[in-house]
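> Here it is, the structure in full.
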Amino acid sequence: MPISLKHELMKVLSVTSECAPLVKTGGLADVAGALPGALAQEGIEMRTLLPGYRDVMARLKEPETLHRFKTLQGAPARILAERVEGVDLLVLDAPHLFDRAGSLYLSPAGEDWPDNAERFAALSRAAADIAAGALADWQPDIVHAHDWQAALAPYYMRNGAVPSIMTIHNIAFQGLAPAKSRAKLGIDKADFTPEGLEYWGEISALKAGLTFATKLTTVSPSYAEELMEPHFGMGLDGVLRKRRDDLSGVLNGIDTGVWNPATDPLIKPFKTPRGKKKNKALLRDAFDLPEAQGPLCIVISRMTEQKGLDLLLEALPVLTSKGGQLALLGTGSPELETAFQELAARELNVSVKITYDESLAHKMIAGGDAILVPSRFEPCGLTQLMGLAYGTVPLVALTGGLRDTVISASHAALARGVATGLQCLPGSVEALRNALAKLCLLYADPITWAQIARNAMAHPVGWESSAKEYANLYRSMKAA
Ligand code: ADP
Ligand code: GLC
(Lines give C-alpha, C1' and ligand atoms only; values in the text may rest on other atoms or scores of the structure.)
(Ligands and ions follow the chains in the order given, each with its own letter.)
Protein backbone atom coordinates (compact mmCIF):
# COMPACT_ATOMS: atom_id res chain seq x y z
CA MET A 1 0.00 0.00 0.00
CA PRO A 2 1.46 3.44 -0.83
CA ILE A 3 2.60 5.26 2.31
CA SER A 4 0.26 8.17 1.72
CA LEU A 5 -2.78 5.90 1.99
CA LYS A 6 -1.61 4.23 5.18
CA HIS A 7 -0.64 7.47 6.91
CA GLU A 8 -1.54 11.05 6.32
CA LEU A 9 1.50 13.00 5.06
CA MET A 10 3.15 14.83 7.95
CA LYS A 11 5.07 18.06 7.70
CA VAL A 12 8.13 18.49 9.89
CA LEU A 13 10.43 21.50 10.14
CA SER A 14 13.99 20.51 11.00
CA VAL A 15 15.96 23.40 12.53
CA THR A 16 19.73 23.09 12.39
CA SER A 17 22.91 25.14 12.27
CA GLU A 18 24.66 22.65 9.94
CA CYS A 19 23.58 20.51 7.01
CA ALA A 20 25.82 18.31 4.83
CA PRO A 21 27.00 18.67 2.18
CA LEU A 22 26.48 22.46 2.40
CA VAL A 23 27.96 23.40 5.77
CA LYS A 24 29.56 21.03 8.23
CA THR A 25 31.75 20.97 11.31
CA GLY A 26 30.73 17.51 12.55
CA GLY A 27 28.21 14.70 12.61
CA LEU A 28 25.23 17.01 13.18
CA ALA A 29 25.58 18.09 9.56
CA ASP A 30 25.58 14.48 8.32
CA VAL A 31 22.47 13.72 10.34
CA ALA A 32 20.57 16.88 9.33
CA GLY A 33 21.50 16.25 5.69
CA ALA A 34 20.37 12.61 5.72
CA LEU A 35 17.15 12.89 7.74
CA PRO A 36 14.89 14.44 5.06
CA GLY A 37 15.63 11.67 2.55
CA ALA A 38 15.33 8.93 5.16
CA LEU A 39 12.04 10.30 6.47
CA ALA A 40 10.55 10.79 3.01
CA GLN A 41 10.38 6.98 2.86
CA GLU A 42 8.13 7.14 5.92
CA GLY A 43 5.71 9.66 4.47
CA ILE A 44 7.24 12.63 6.26
CA GLU A 45 7.73 15.87 4.36
CA MET A 46 10.68 17.55 6.02
CA ARG A 47 11.93 21.06 5.31
CA THR A 48 15.19 22.22 6.83
CA LEU A 49 15.71 25.69 8.25
CA LEU A 50 19.37 26.70 8.02
CA PRO A 51 21.20 30.01 8.62
CA GLY A 52 22.12 31.88 5.44
CA TYR A 53 25.87 31.69 5.97
CA ARG A 54 27.95 33.06 3.12
CA ASP A 55 28.62 29.56 1.73
CA VAL A 56 24.93 28.67 1.85
CA MET A 57 23.82 31.87 0.12
CA ALA A 58 26.39 31.23 -2.61
CA ARG A 59 24.71 27.88 -3.35
CA LEU A 60 21.24 29.36 -3.93
CA LYS A 61 20.40 29.93 -7.57
CA GLU A 62 16.81 31.18 -7.78
CA PRO A 63 15.46 31.21 -4.27
CA GLU A 64 11.87 32.10 -3.56
CA THR A 65 11.25 34.66 -0.83
CA LEU A 66 8.63 33.21 1.51
CA HIS A 67 8.73 35.66 4.39
CA ARG A 68 10.21 39.01 5.40
CA PHE A 69 11.06 40.16 8.91
CA LYS A 70 11.06 43.93 9.34
CA THR A 71 13.66 43.37 11.97
CA LEU A 72 15.25 40.27 13.44
CA GLN A 73 18.01 40.83 16.01
CA GLY A 74 18.49 44.38 14.82
CA ALA A 75 18.07 44.37 11.03
CA PRO A 76 15.73 43.10 8.31
CA ALA A 77 15.82 39.43 7.34
CA ARG A 78 14.10 37.02 4.97
CA ILE A 79 13.23 33.36 4.69
CA LEU A 80 14.20 31.99 1.30
CA ALA A 81 13.31 28.59 -0.14
CA GLU A 82 15.15 26.39 -2.60
CA ARG A 83 15.87 22.69 -3.02
CA VAL A 84 19.63 22.15 -2.83
CA GLU A 85 21.39 18.76 -2.96
CA GLY A 86 18.07 16.99 -2.46
CA VAL A 87 17.16 18.96 0.68
CA ASP A 88 14.19 21.34 0.78
CA LEU A 89 15.92 24.27 2.40
CA LEU A 90 14.42 27.25 4.14
CA VAL A 91 17.31 29.67 4.48
CA LEU A 92 17.34 32.46 7.03
CA ASP A 93 18.88 35.29 5.04
CA ALA A 94 20.08 37.73 7.70
CA PRO A 95 23.35 39.24 6.42
CA HIS A 96 24.00 41.14 9.66
CA LEU A 97 24.18 37.78 11.46
CA PHE A 98 25.48 35.29 8.93
CA ASP A 99 27.26 36.97 6.01
CA ARG A 100 30.77 36.72 7.47
CA ALA A 101 34.18 35.24 6.80
CA GLY A 102 35.34 32.61 9.26
CA SER A 103 33.53 29.40 10.13
CA LEU A 104 29.99 28.75 11.32
CA TYR A 105 30.59 29.57 14.95
CA LEU A 106 34.05 31.14 14.99
CA SER A 107 35.65 34.33 13.74
CA PRO A 108 38.70 34.09 11.44
CA ALA A 109 40.80 34.43 14.62
CA GLY A 110 39.23 31.23 15.93
CA GLU A 111 37.14 32.87 18.67
CA ASP A 112 33.40 32.33 19.21
CA TRP A 113 31.49 35.13 17.48
CA PRO A 114 30.51 37.46 20.36
CA ASP A 115 26.90 37.54 19.13
CA ASN A 116 26.44 33.76 18.74
CA ALA A 117 23.54 33.79 21.20
CA GLU A 118 21.71 36.41 19.11
CA ARG A 119 22.57 34.71 15.80
CA PHE A 120 21.01 31.43 16.80
CA ALA A 121 18.18 33.04 18.75
CA ALA A 122 17.24 34.54 15.37
CA LEU A 123 17.27 31.07 13.81
CA SER A 124 15.05 29.78 16.62
CA ARG A 125 12.71 32.77 16.32
CA ALA A 126 12.33 32.16 12.59
CA ALA A 127 11.45 28.51 13.35
CA ALA A 128 8.84 29.54 15.89
CA ASP A 129 7.31 32.02 13.44
CA ILE A 130 7.13 29.33 10.76
CA ALA A 131 5.44 27.04 13.31
CA ALA A 132 2.95 29.81 13.99
CA GLY A 133 2.06 30.09 10.30
CA ALA A 134 4.44 32.74 8.93
CA LEU A 135 4.72 31.01 5.54
CA ALA A 136 1.63 31.28 3.37
CA ASP A 137 1.63 27.74 2.00
CA TRP A 138 3.42 25.59 4.49
CA GLN A 139 2.94 25.12 8.21
CA PRO A 140 4.68 22.25 10.00
CA ASP A 141 2.88 19.72 12.19
CA ILE A 142 6.05 19.31 14.29
CA VAL A 143 9.24 21.32 14.78
CA HIS A 144 12.41 19.26 15.27
CA ALA A 145 15.21 21.34 16.83
CA HIS A 146 18.82 20.15 16.83
CA ASP A 147 21.33 21.13 19.54
CA TRP A 148 21.64 24.44 21.39
CA GLN A 149 21.63 26.53 18.24
CA ALA A 150 17.96 25.64 17.67
CA ALA A 151 17.03 25.15 21.31
CA LEU A 152 15.27 28.46 21.88
CA ALA A 153 12.67 27.44 19.26
CA PRO A 154 10.74 25.15 21.67
CA TYR A 155 10.81 28.03 24.17
CA TYR A 156 9.49 30.59 21.69
CA MET A 157 6.81 28.04 20.66
CA ARG A 158 5.71 27.32 24.23
CA ASN A 159 2.28 28.91 23.94
CA GLY A 160 1.54 27.69 20.41
CA ALA A 161 -0.28 24.62 19.15
CA VAL A 162 2.61 22.95 17.33
CA PRO A 163 4.60 20.37 19.34
CA SER A 164 8.41 20.30 19.29
CA ILE A 165 11.21 17.77 19.60
CA MET A 166 14.61 18.74 20.91
CA THR A 167 17.45 16.44 19.88
CA ILE A 168 20.70 16.52 21.84
CA HIS A 169 23.66 15.71 19.62
CA ASN A 170 26.18 16.79 22.21
CA ILE A 171 25.43 18.11 25.69
CA ALA A 172 28.91 19.62 25.96
CA PHE A 173 27.70 22.60 23.93
CA GLN A 174 24.96 24.46 25.80
CA GLY A 175 24.76 27.95 24.28
CA LEU A 176 25.28 30.04 27.40
CA ALA A 177 24.63 33.79 27.33
CA PRO A 178 24.92 36.41 30.07
CA ALA A 179 21.79 37.33 32.02
CA LYS A 180 21.92 40.86 30.58
CA SER A 181 21.05 39.43 27.13
CA ARG A 182 17.63 38.35 28.42
CA ALA A 183 15.54 41.05 26.76
CA LYS A 184 17.52 40.86 23.51
CA LEU A 185 16.89 37.13 23.37
CA GLY A 186 13.18 37.57 24.04
CA ILE A 187 13.16 35.70 27.33
CA ASP A 188 10.50 36.49 29.93
CA LYS A 189 11.77 37.34 33.37
CA ALA A 190 9.44 34.68 34.80
CA ASP A 191 11.31 31.98 32.88
CA PHE A 192 14.76 33.09 33.99
CA THR A 193 14.70 30.66 36.92
CA PRO A 194 16.38 27.34 37.72
CA GLU A 195 13.08 25.60 36.80
CA GLY A 196 13.12 27.50 33.50
CA LEU A 197 16.22 28.25 31.49
CA GLU A 198 18.59 29.80 33.98
CA TYR A 199 21.86 27.98 34.42
CA TRP A 200 24.04 29.23 37.28
CA GLY A 201 23.07 32.85 36.68
CA GLU A 202 23.30 32.63 32.90
CA ILE A 203 20.85 31.90 30.09
CA SER A 204 21.22 28.39 28.71
CA ALA A 205 19.69 27.95 25.28
CA LEU A 206 20.00 24.18 25.53
CA LYS A 207 18.26 24.12 28.90
CA ALA A 208 15.42 26.13 27.36
CA GLY A 209 14.98 23.40 24.77
CA LEU A 210 15.22 20.63 27.35
CA THR A 211 12.65 22.32 29.56
CA PHE A 212 10.14 23.51 27.00
CA ALA A 213 10.20 20.97 24.14
CA THR A 214 7.35 18.47 23.99
CA LYS A 215 9.71 15.51 23.55
CA LEU A 216 13.45 15.05 23.90
CA THR A 217 15.66 12.69 22.00
CA THR A 218 19.34 12.02 21.74
CA VAL A 219 21.33 10.12 19.17
CA SER A 220 21.74 6.73 20.86
CA PRO A 221 19.89 4.77 23.54
CA SER A 222 23.00 4.50 25.73
CA TYR A 223 23.67 8.24 25.63
CA ALA A 224 20.04 8.81 26.65
CA GLU A 225 20.77 6.83 29.83
CA GLU A 226 24.19 8.38 30.38
CA LEU A 227 22.79 11.90 30.09
CA MET A 228 20.80 11.38 33.26
CA GLU A 229 24.02 10.66 35.21
CA PRO A 230 26.08 13.50 36.68
CA HIS A 231 29.26 12.22 35.01
CA PHE A 232 27.83 12.69 31.50
CA GLY A 233 25.00 15.21 32.00
CA MET A 234 27.36 18.22 32.29
CA GLY A 235 25.14 19.97 34.81
CA LEU A 236 21.90 19.20 32.99
CA ASP A 237 21.45 15.61 34.24
CA GLY A 238 18.87 16.77 36.81
CA VAL A 239 16.80 18.51 34.13
CA LEU A 240 16.90 15.32 32.07
CA ARG A 241 16.01 13.08 34.99
CA LYS A 242 12.91 15.19 35.49
CA ARG A 243 12.00 14.60 31.86
CA ARG A 244 12.92 10.92 31.83
CA ASP A 245 9.52 9.87 30.43
CA ASP A 246 9.87 12.24 27.47
CA LEU A 247 13.48 11.33 26.65
CA SER A 248 14.48 8.58 24.24
CA GLY A 249 17.51 7.59 22.18
CA VAL A 250 17.22 7.17 18.43
CA LEU A 251 20.42 5.86 16.93
CA ASN A 252 21.97 7.79 14.06
CA GLY A 253 22.57 6.10 10.76
CA ILE A 254 24.87 7.04 7.90
CA ASP A 255 23.88 7.78 4.34
CA THR A 256 24.46 4.42 2.68
CA GLY A 257 24.12 6.09 -0.71
CA VAL A 258 27.33 7.98 0.03
CA TRP A 259 29.02 5.36 2.23
CA ASN A 260 28.74 2.14 0.24
CA PRO A 261 31.97 0.24 -0.52
CA ALA A 262 30.44 -1.41 -3.57
CA THR A 263 29.60 1.85 -5.32
CA ASP A 264 31.84 4.51 -3.70
CA PRO A 265 33.42 6.45 -6.61
CA LEU A 266 36.25 7.70 -4.39
CA ILE A 267 37.73 4.22 -3.79
CA LYS A 268 38.46 0.92 -5.51
CA PRO A 269 34.99 -0.55 -4.90
CA PHE A 270 34.62 -3.89 -3.10
CA LYS A 271 31.96 -6.21 -1.75
CA THR A 272 33.94 -8.38 0.68
CA PRO A 273 36.82 -7.58 3.05
CA ARG A 274 39.24 -9.14 0.56
CA GLY A 275 38.60 -6.20 -1.75
CA LYS A 276 40.16 -3.85 0.78
CA LYS A 277 43.69 -4.87 -0.22
CA LYS A 278 44.10 -2.47 -3.15
CA ASN A 279 42.65 0.34 -1.08
CA LYS A 280 45.12 -0.42 1.70
CA ALA A 281 48.03 -0.11 -0.71
CA LEU A 282 46.70 3.25 -1.92
CA LEU A 283 46.22 4.42 1.64
CA ARG A 284 49.80 3.51 2.53
CA ASP A 285 50.96 5.56 -0.46
CA ALA A 286 48.78 8.51 0.46
CA PHE A 287 50.20 8.55 3.99
CA ASP A 288 53.71 7.51 3.07
CA LEU A 289 53.64 4.49 5.36
CA PRO A 290 55.93 1.47 4.80
CA GLU A 291 54.75 -2.15 4.54
CA ALA A 292 54.10 -3.62 7.98
CA GLN A 293 52.99 -6.84 9.65
CA GLY A 294 50.41 -5.38 12.02
CA PRO A 295 47.05 -3.70 11.41
CA LEU A 296 46.85 -0.34 9.65
CA CYS A 297 44.69 1.69 12.01
CA ILE A 298 42.97 4.93 11.08
CA VAL A 299 41.47 7.87 12.96
CA ILE A 300 39.20 10.51 11.37
CA SER A 301 38.23 12.99 14.01
CA ARG A 302 37.86 16.42 15.47
CA MET A 303 40.86 16.63 17.79
CA THR A 304 39.27 17.58 21.10
CA GLU A 305 39.17 16.37 24.68
CA GLN A 306 35.92 14.46 23.91
CA LYS A 307 37.60 12.23 21.37
CA GLY A 308 40.26 10.82 23.76
CA LEU A 309 43.13 11.26 21.31
CA ASP A 310 45.45 12.28 24.15
CA LEU A 311 44.88 8.77 25.55
CA LEU A 312 45.72 7.32 22.17
CA LEU A 313 49.00 9.25 22.08
CA GLU A 314 50.02 7.53 25.30
CA ALA A 315 48.77 4.08 24.35
CA LEU A 316 50.10 4.08 20.79
CA PRO A 317 53.52 2.48 21.47
CA VAL A 318 51.67 -0.78 22.15
CA LEU A 319 50.36 -0.72 18.57
CA THR A 320 53.59 0.28 16.85
CA SER A 321 55.70 -2.14 18.91
CA LYS A 322 53.54 -4.96 17.55
CA GLY A 323 53.99 -3.90 13.94
CA GLY A 324 50.80 -1.84 13.75
CA GLN A 325 50.47 1.55 12.08
CA LEU A 326 48.40 4.69 12.43
CA ALA A 327 47.10 7.09 9.78
CA LEU A 328 45.29 10.05 11.33
CA LEU A 329 43.18 12.72 9.64
CA GLY A 330 41.89 15.52 11.83
CA THR A 331 41.92 19.10 13.00
CA GLY A 332 41.28 20.70 16.35
CA SER A 333 43.24 21.64 19.44
CA PRO A 334 46.65 23.04 18.52
CA GLU A 335 48.29 21.03 21.34
CA LEU A 336 46.97 17.73 20.01
CA GLU A 337 47.74 18.65 16.42
CA THR A 338 51.34 19.41 17.36
CA ALA A 339 51.72 16.32 19.56
CA PHE A 340 50.60 14.02 16.74
CA GLN A 341 52.75 15.83 14.20
CA GLU A 342 55.78 15.48 16.46
CA LEU A 343 55.07 11.80 16.96
CA ALA A 344 54.74 11.26 13.22
CA ALA A 345 58.08 13.03 12.67
CA ARG A 346 59.91 10.48 14.82
CA GLU A 347 57.83 7.32 14.29
CA LEU A 348 57.93 5.77 10.80
CA ASN A 349 54.68 3.91 11.36
CA VAL A 350 52.62 6.93 12.33
CA SER A 351 51.47 9.42 9.73
CA VAL A 352 49.24 12.41 10.27
CA LYS A 353 47.34 14.85 8.08
CA ILE A 354 46.10 17.94 9.87
CA THR A 355 43.39 19.01 7.50
CA TYR A 356 39.74 18.44 6.65
CA ASP A 357 39.32 16.22 3.60
CA GLU A 358 36.12 14.27 2.86
CA SER A 359 37.57 12.46 -0.12
CA LEU A 360 40.60 11.28 1.86
CA ALA A 361 38.22 10.14 4.63
CA HIS A 362 36.59 7.74 2.14
CA LYS A 363 39.97 6.39 1.05
CA MET A 364 41.00 5.84 4.67
CA ILE A 365 37.81 4.05 5.60
CA ALA A 366 38.24 1.84 2.54
CA GLY A 367 41.91 1.01 3.10
CA GLY A 368 42.22 0.83 6.89
CA ASP A 369 42.18 -2.48 8.75
CA ALA A 370 40.76 -0.90 11.90
CA ILE A 371 39.31 2.45 12.94
CA LEU A 372 40.03 3.79 16.41
CA VAL A 373 37.44 5.85 18.32
CA PRO A 374 38.68 6.11 21.92
CA SER A 375 36.20 8.83 22.99
CA ARG A 376 35.65 9.85 26.62
CA PHE A 377 31.99 10.23 25.71
CA GLU A 378 30.29 9.86 22.35
CA PRO A 379 26.62 10.69 21.82
CA CYS A 380 26.56 8.49 18.74
CA GLY A 381 29.67 8.70 16.58
CA LEU A 382 29.51 8.17 12.85
CA THR A 383 33.01 7.08 11.85
CA GLN A 384 32.64 3.68 13.53
CA LEU A 385 29.51 3.17 11.39
CA MET A 386 31.49 4.04 8.26
CA GLY A 387 34.16 1.59 9.46
CA LEU A 388 31.57 -1.17 9.91
CA ALA A 389 30.16 -0.61 6.42
CA TYR A 390 33.61 -0.95 4.84
CA GLY A 391 34.82 -3.87 6.96
CA THR A 392 37.23 -1.59 8.83
CA VAL A 393 37.07 -3.10 12.28
CA PRO A 394 36.14 -0.48 14.92
CA LEU A 395 38.03 -0.33 18.21
CA VAL A 396 35.87 1.98 20.32
CA ALA A 397 35.29 3.15 23.87
CA LEU A 398 32.38 1.57 25.66
CA THR A 399 30.20 4.67 25.81
CA GLY A 400 27.17 6.26 24.14
CA GLY A 401 26.53 5.27 20.56
CA LEU A 402 29.85 3.43 20.40
CA ARG A 403 28.41 1.03 22.96
CA ASP A 404 25.25 0.59 20.91
CA THR A 405 26.78 -0.03 17.49
CA VAL A 406 29.73 -2.38 18.02
CA ILE A 407 29.71 -6.00 19.23
CA SER A 408 32.97 -6.43 21.09
CA ALA A 409 35.13 -9.48 20.44
CA SER A 410 34.58 -10.96 23.89
CA HIS A 411 35.12 -14.66 24.39
CA ALA A 412 31.37 -15.24 24.05
CA ALA A 413 31.00 -13.10 20.93
CA LEU A 414 33.94 -14.84 19.26
CA ALA A 415 32.56 -18.25 20.18
CA ARG A 416 29.23 -17.31 18.60
CA GLY A 417 30.96 -15.71 15.61
CA VAL A 418 29.11 -12.40 16.05
CA ALA A 419 31.85 -9.90 16.96
CA THR A 420 32.10 -6.77 14.79
CA GLY A 421 34.88 -4.92 16.63
CA LEU A 422 36.42 -4.25 20.01
CA GLN A 423 35.37 -2.11 22.95
CA CYS A 424 37.33 -0.84 25.94
CA LEU A 425 36.51 1.26 28.98
CA PRO A 426 36.48 4.99 28.19
CA GLY A 427 38.98 7.44 29.64
CA SER A 428 41.66 4.87 30.50
CA VAL A 429 45.07 4.64 28.83
CA GLU A 430 45.57 1.17 30.30
CA ALA A 431 42.28 -0.11 28.88
CA LEU A 432 43.19 1.33 25.49
CA ARG A 433 46.62 -0.32 25.60
CA ASN A 434 45.03 -3.69 26.35
CA ALA A 435 42.53 -3.23 23.55
CA LEU A 436 45.26 -2.29 21.04
CA ALA A 437 47.22 -5.38 22.08
CA LYS A 438 44.13 -7.52 21.60
CA LEU A 439 43.49 -5.91 18.22
CA CYS A 440 46.97 -6.96 17.11
CA LEU A 441 46.39 -10.52 18.34
CA LEU A 442 43.08 -10.78 16.49
CA TYR A 443 44.66 -9.34 13.36
CA ALA A 444 47.39 -11.95 13.51
CA ASP A 445 44.71 -14.66 13.16
CA PRO A 446 43.50 -14.15 9.58
CA ILE A 447 40.46 -16.42 9.85
CA THR A 448 39.08 -14.72 12.95
CA TRP A 449 39.91 -11.29 11.57
CA ALA A 450 38.15 -11.99 8.27
CA GLN A 451 35.09 -13.17 10.14
CA ILE A 452 34.98 -9.98 12.26
CA ALA A 453 35.35 -7.84 9.13
CA ARG A 454 32.57 -9.77 7.37
CA ASN A 455 30.31 -9.42 10.41
CA ALA A 456 31.06 -5.69 10.44
CA MET A 457 30.07 -5.32 6.80
CA ALA A 458 26.81 -7.17 7.45
CA HIS A 459 25.83 -4.90 10.34
CA PRO A 460 23.05 -2.49 9.30
CA VAL A 461 24.26 1.11 9.51
CA GLY A 462 21.65 2.93 7.42
CA TRP A 463 18.72 5.05 8.50
CA GLU A 464 15.89 2.57 7.84
CA SER A 465 14.97 1.56 11.37
CA SER A 466 15.76 4.92 13.00
CA ALA A 467 13.71 6.79 10.39
CA LYS A 468 10.77 4.61 11.41
CA GLU A 469 11.39 5.46 15.05
CA TYR A 470 11.39 9.20 14.34
CA ALA A 471 8.28 8.85 12.20
CA ASN A 472 6.49 6.96 14.99
CA LEU A 473 7.53 9.58 17.49
CA TYR A 474 6.27 12.42 15.26
CA ARG A 475 2.96 10.60 14.77
CA SER A 476 2.52 9.95 18.48
CA MET A 477 3.07 13.66 19.14
CA LYS A 478 0.64 14.78 16.49
CA ALA A 479 -1.98 12.42 17.82
CA ALA A 480 -1.44 13.50 21.45
P1 ADP B 1 31.46 14.65 15.84
O2 ADP B 1 30.15 15.10 15.29
O3 ADP B 1 31.48 14.61 17.33
O4 ADP B 1 32.63 15.36 15.28
P5 ADP B 1 30.87 12.16 14.41
O6 ADP B 1 31.60 10.87 14.40
O7 ADP B 1 29.43 12.11 14.70
O8 ADP B 1 31.64 13.11 15.44
O9 ADP B 1 30.97 12.88 13.01
C10 ADP B 1 32.15 13.36 12.48
C11 ADP B 1 31.96 13.58 11.00
O12 ADP B 1 32.97 14.47 10.53
C13 ADP B 1 32.12 12.32 10.18
O14 ADP B 1 31.36 12.46 8.99
C15 ADP B 1 33.63 12.33 9.87
O16 ADP B 1 33.95 11.55 8.75
C17 ADP B 1 33.84 13.78 9.62
N18 ADP B 1 35.21 14.28 9.87
C19 ADP B 1 35.75 14.63 11.06
N20 ADP B 1 36.99 15.11 10.89
C21 ADP B 1 37.24 15.06 9.56
C22 ADP B 1 38.35 15.43 8.74
N23 ADP B 1 39.45 15.96 9.26
N24 ADP B 1 38.24 15.25 7.40
C25 ADP B 1 37.13 14.72 6.86
N26 ADP B 1 36.05 14.36 7.58
C27 ADP B 1 36.09 14.53 8.91
C1 GLC C 1 27.71 15.18 17.83
C2 GLC C 1 28.34 14.02 18.59
C3 GLC C 1 28.47 12.74 17.79
C4 GLC C 1 27.22 12.47 16.97
C5 GLC C 1 26.88 13.70 16.13
C6 GLC C 1 25.63 13.52 15.29
O7 GLC C 1 28.62 15.95 17.16
O8 GLC C 1 29.59 14.38 19.14
O9 GLC C 1 28.70 11.65 18.65
O10 GLC C 1 27.42 11.36 16.13
O11 GLC C 1 26.65 14.80 16.97
O12 GLC C 1 24.51 13.22 16.06
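> Sequence-distant or interchain residues sharing an amide H contact under 5 Å with residue 169, placed H: which?
147
> The range 263-287 to the range 83-155: how many Å between their Cα centroids?
Using only Cα atoms to place each centre, the spacing works out to 39 Å.
> Highest mean first, what order results for 259-267, 14-22, 303-311 on Cβ atoms within 10 Å? The partial results should precede the final answer.
Working: 259-267: 16.3, 14-22: 24.8, 303-311: 20.9.
Answer by packing, highest mean first, reads 14-22, 303-311, 259-267.
> Over the Cα atoms of the range 322-448, Rg to Rh with Kirkwood Rh, two decimal places?
0.95
> Moving on to the next point. Label-point separation (nm) for residue 25 and residue 459, each offset 7 Å from Cα along Cα-to-Cβ?
The modelled label-to-label distance comes out at 2.9 nm.
> Over the range 225-343, what lengths in whole Å, largest first, do the semi-axes of the equivalent ellipsoid take, defined as the square roots of 5 times the eigenvalues of the alpha-carbon gyration tensor?
Taking √(5λ) for each Cα gyration eigenvalue gives 34, 23, 13 Å.
> In Å and on Cα atoms, what radius of gyration and Dmax does the range 94-165 show?
13.8, 42
> For the range 382-475, what does the equivalent ellipsoid look like in terms of its semi-axes, each the square root of 5 times an eigenvalue of the Cα gyration tensor, given largest first in whole Å?
After diagonalising the Cα gyration tensor, the semi-axes are 26, 16, 10 Å.
> If each DSSP helix of 4+ residues adds -39,500 (n - 2.57) and the sum is divided by the residues in the chain, what number results at 222 nm, nearest 500 deg cm²/dmol?
Counting only the DSSP helices, I get -11000 deg cm²/dmol.
> Moving on. Hey, any idea what Rg/Rh is for the chain, computing Rh the Kirkwood way over Cα pairs?
So for the chain, dividing Rg by the Kirkwood Rh gives 0.98.
> Measuring from centroid to centroid over Cα atoms, what is the spacing of the range 399-457 and the range 367-383 in Å?
12
> For residue 411 and residue 468, FRET efficiency with R0 = 30 Å and r from the beta-carbon atoms, rounded to 0.05?
Working: r = 34 Å, r/R0 = 1.14.
Efficiency, from the Cβ-Cβ distance: 0.30.
> Convex hull over the Cα atoms of the range 54-119, averaged projected area in nm²? Please report the intermediate quantities before stating the final value.
Details: hull surface 19.1 nm².
One quarter of the hull surface, i.e. the mean projection, equals 4.8 nm².
> How would you order 71-79, 421-429 from highest to lowest mean count of nearby Cβ atoms within 10 Å?
421-429, 71-79
> Taking the Cα-to-Cβ direction at residue 82 and at residue 231 and moving 7 Å from each Cα, how far apart do the two end points lie in nm?
Reported label-point gap for residue 82 and residue 231 is 4.9 nm.
> Something else: Per the Debye formula with a single identical scatterer at each Cα and no solvent contribution, what log10 I(q)/I(0) holds for the range 5-148 at q = 0.10, 0.14, 0.22 Å⁻¹?
With no solvent term, the Cα-only Debye profile gives -0.31, -0.62, -1.56.
> Run the numbers on the range 378-480 and let me know its relative contact order in percent, using alpha-carbon pairs under 8 Å that are six or more apart.
Over the range 378-480, the number comes to 29 percent.
> Can you pick out the pairs among 322/438; 180/207; 11/61; 184/207; 70/184 whose Cα atoms lie more than 22 Å from each other?
11/61
> Over the Cα atoms of the range 361-409, what radius of gyration and what Dmax do you get, in Å?
10.0, 27
> What does the accessible area of residue 300 come to, in Å² to the nearest 10, when a probe of 1.4 Å is used?
30
> Over all directions, average the projected area of the Cα convex hull of the range 1-76 and note it in nm².
One quarter of the hull surface, i.e. the mean projection, equals 6.8 nm².
> Treating the beta-carbon of each Lys and Arg as +1 and of each Asp and Glu as -1, no other charges, what is the dipole magnitude of the range 143-281 about its Cα centre, to the nearest 20 debye?
Details: 18 positive and 14 negative charges, 180 e Å.
Its charge dipole is roughly 860 debye.
> For the range 306-387, count the residues as N, evaluate 2.2 N^0.38 Å, and divide the Cα radius of gyration by that value, please. Each step should come with its number before you reach the end.
Details: Rg = 12.5 Å, N = 82, 2.2 N^0.38 = 11.7 Å.
Output field value: 1.06.
> Which number comes out as Rg/Rh for the range 142-259 once both Rg and the Kirkwood Rh are worked out on C-alpha atoms?
The Rg/Rh ratio comes out at 0.99.
> On to the next question. Taking the Cβ-Cβ separation of residue 40 and residue 450 as r and a Förster radius of 22 Å, what is the calculated FRET efficiency to the nearest 0.05?
Efficiency for this residue pair is about 0.05.
> Ordered by packing density, taken as the mean number of other Cβ atoms within 10 Å over each peptide's residues, highest first, how do 96-104, 275-283 rank?
Highest mean packing first, the order is 275-283, 96-104.
The values are calculated or read from the model by the stated rules, or taken from the named source; none is laboratory data. Bear in mind the structure is a predicted one, so any value in this text is a computation, not a measurement. Note that each Cβ is placed from the backbone with ideal geometry, even for glycine, and that neighbours are counted across all protein chains shown. Surface areas here come from the heavy atoms of the whole protein model, side chains and all, with no ligands, DNA or RNA. Shrake-Rupley method; radii C 1.70, N 1.55, O 1.52, S 1.80 Å.
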